[in-house]
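What follows is a single structure, written as structure tokens, with notes after it.
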Amino acid sequence: MANRSFTLTEEHLKLLRAMHIGWQDCNYGAPEVDPKRPYGNSSVECDIHEILTNERDYELTDEQRERYATLHRETQTALEILIQCGELRPGVYDDMRAKPYGKREWDAHSAGVGGEP
């Protein structure tokens, strides 16, 4: 099998940070990204545009839509890389979200719990 390489970019990280993570309660259950609304709305490319540019635009070009669809597909690999290779520090994290259905913003207020601070 040939080696693969993948360039993890800041855009991938922004998309991963904006994903809506929930719990799929079938069989034993597992965490999941909402497949219909991975970034909050069902207009995935428009959500990606807003995440990356801080501008809401429903009139995207075909090139933008194609680029954003590719970035979205690449989040699978980006997530796999972060889970397998990322550094996660034990600690307590607070959900700093201002609105009930707003973007989650986690704050680590005691990273290093259980180990060296």
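Residue 7 fails exactly one of the following numbered conditions: (1) at pLDDT below 90; (2) surrounded by 10 or more Cβ atoms within 10 Å (Cβ to Cβ). What is the number of that condition?
Only one criterion is unmet by residue 7, namely (2).
What number of residues within the stretch 35-75 satisfy the criterion of being surrounded by fewer than 16 Cβ atoms within 10 Å (Cβ to Cβ) and either at pLDDT below 95 or in a loop (DSSP other than H, G, I, E, B) (or both)?
13
List every residue pair whose Cβ atoms sit under 8 Å apart, with the two residues 6 or more apart in sequence or on different chains, where the first one lies in the stretch 33-45 and is under 13 Å from residue 16 (Cα atoms) and the second, anywhere, is of a type in the set (D, E, K, R) and modelled with pLDDT under 90.
What qualifies is 40/103.
Looking only at residues that are surrounded by 15 or more Cβ atoms within 10 Å (Cβ to Cβ) and not in a helix (DSSP H, G or I) in the stretch 10-31, which one is farthest from the chain's Cα centre (by Cα)?
20
The values are calculated or read from the model by the stated rules, or taken from the named source; none is laboratory data. In this text the structure is predicted, and so the values were computed from the model without any measurement. Every residue, glycine as well, gets a Cβ built from its backbone with ideal geometry; the counts of neighbours run over all protein chains shown.
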